[in-house]
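Written below as structure tokens is the structure these notes are about.
The values are calculated or read from the model by the stated rules, or taken from the named source; none is laboratory data. From a predicted model like this one, the values you see are computed outputs, not experimental measurements. Positions of Cβ are backbone-derived with ideal geometry, glycine not excepted, and every protein chain shown enters the neighbour counts. All accessible areas refer to the heavy atoms of the entire protein, side chains included, with ligands and DNA or RNA removed. Shrake-Rupley method; radii C 1.70, N 1.55, O 1.52, S 1.80 Å.
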Amino acid sequence: MAHRFADLPDTDPDADWSLPGWLYSDPEYHDVEVARVLRPSWQIVCHVSDIAQVGDYRTLDYLGESIVVVRGEDQQVRAFANVCRHRAMRLVEGPAGCAKKLVCPYHAWAYELDGRLTGVPMRGDYPALDMGRMGLVALGLEIWNGFVFVRLENDDGPSVAEMMTPYAPEIAPYAFEDLRAIAPVRTRTRAVNWKTIGDNYSDNLHIPVAHDGLTRLFGKSYAIEAQPYVDKMSGHLADRPSADPWERLYQTHLPPAEHLPESHRKLWLYYKLWPNMAFDIYPDQVDFMQWLPLTPTTTLLREMTFALPDVFIPEDKRREMKIVRYANWRINRTVNAEDTWLIERVQQGMASQSYEVGPIGRSEVCLRSFARKIRERIPEARLHRAPAAGWSKSPSRLREGLGEGISTVTALSQFLPQFLPQAGGEKT
């Protein structure tokens, strides 16, 4: 199993240790993580083909917010908070729709598709109303290779395009802009912290232990690598026919994807984007998954499946391609069930008082990369045990000390005694 380190110096003094268990269930830490990691991060909403006509919209609800992306009269796609500026009523319901205007169902305030407020019943009854300043709240939006991303707060982090730059040439032949949805959006709830799902997605060492099917399909070709904001996993389909009927059907009947280079026609690619999204790219289809936290210990999985239209497939191979896509689903249904069993038990273990942190191997490059970024944004994530309640509201000399290059041990021993729990506080 191959692995490659990102071409970056690892200056994290805790690089050889995992994130501590308390980060996977602590409510106060979760709130900090939402503010510093998740609200400023990009989240996928849909593909541009899902909102092809003027007035088409898609919604995304997460972190207590509702977002609507809509195509305007000028063909531009925009993202807004799905909240009326009058009494905070949600403007549209459901995952999708089409509208000439966004009209509030509470008091009939009306907004144009570009967000402008243009209709207010009894307008003269509002002395403080400034129509020009009461349009819908616009949110950050990026369209990358046909996929629509939004974020709740702007920061100085990279765009989706910048995150994916190391793999842009590799992805180009898959013609993402031409993809179309071939199944409805699926959602599933899991009783785990969102990081538990992401950690498992990028974990290379469990593949030969827990996924017999993937091991049969890939043999020893499975490989991982970490770039600054993207993890890549990949495996080449083995030539030896699998003993499993669905795996063997996929191996033997996968039509040659003529739009791909020969090296990619039997390649499965996985890309995990910071912090909680992933593309699964197959010769036959492209799946997208994101894991959206609901609480510190529950997460919503949101999944979409796309494929190129039939015009890209030889006419005599289209029926075969549909069968192969079904085989793909059967294979990954088993993988998902195996992963669900694993992550639920990992989550239970993270809550054990016996667990603090675990060592990370040098080959676990993706886990190391993710943990480093979390620690950079939340220095308290270096603490092996949860500090006393209220730490997030108090001045933190830990952040100051680490910012000055002081070692973690020194920072913890000198700067945080007032935040350490009374019981077991010596364990850091």
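Couple of notes before you dig in:
- Looking only at region 268-300, and only at residues there that are of a type in the set (A, V, I, L, M) and either in a loop (DSSP other than H, G, I, E, B) or open to solvent by 10 Å² or more (accessible area, probe 1.4 Å) (or both), the one that is nearest to Leu38 (Cα to Cα): Leu294
- Of the listed requirements (1) open to solvent by 50 Å² or more (accessible area, probe 1.4 Å); (2) touching a residue at least 40 places away in the same chain (Cβ under 8 Å); (3) in a loop (DSSP other than H, G, I, E, B), Arg87 misses just one: (2).
- Here is the figure for region 331-349: residues that are small (Gly, Ala, Ser) and either in contact (Cβ under 8 Å) with a residue 40 or more places away in the chain or in contact with a helix residue (DSSP H, G or I) (Cβ under 8 Å, 6 or more places away or on another chain) (or both) total 1.
- No other residue among Thr165, Thr118 is assigned to a strand (DSSP E or B) and of a type in the set (S, T, N, Q) apart from Thr118.
- Any hit, region 349-359, residues being modelled with pLDDT of 95 or more, part of a helix (DSSP H, G or I) and out of contact with any strand residue (DSSP E or B) (no Cβ under 7 Å at 6 or more places or on another chain): yes
- When Ser242, Ser221, Ser234 are checked against the criterion of being modelled with pLDDT of 95 or more, touching a Phe, Trp or Tyr at 6+ places or on another chain (Cβ under 9 Å) and over 24 Å from Phe176 (Cβ atoms), a single residue qualifies: Ser242.
- Here Ser242 meets each of (1) in a loop (DSSP other than H, G, I, E, B); (2) within 22 Å of the chain's Cα centre (by Cα) with one exception, condition (2).
- Scanning region 141-169 for residues that are among the charged types (D, E, K, R) and out of contact with any helix residue (DSSP H, G or I) (no Cβ under 8 Å at 6 or more places or on another chain) turns up Arg151, Glu153, Asp155, Asp156, Glu162.
- Single residue of Val45, Val34 found to be among the β-branched types (Val, Ile, Thr) and either open to solvent by less than 20 Å² (accessible area, probe 1.4 Å) or part of a loop (DSSP other than H, G, I, E, B) (or both): Val45
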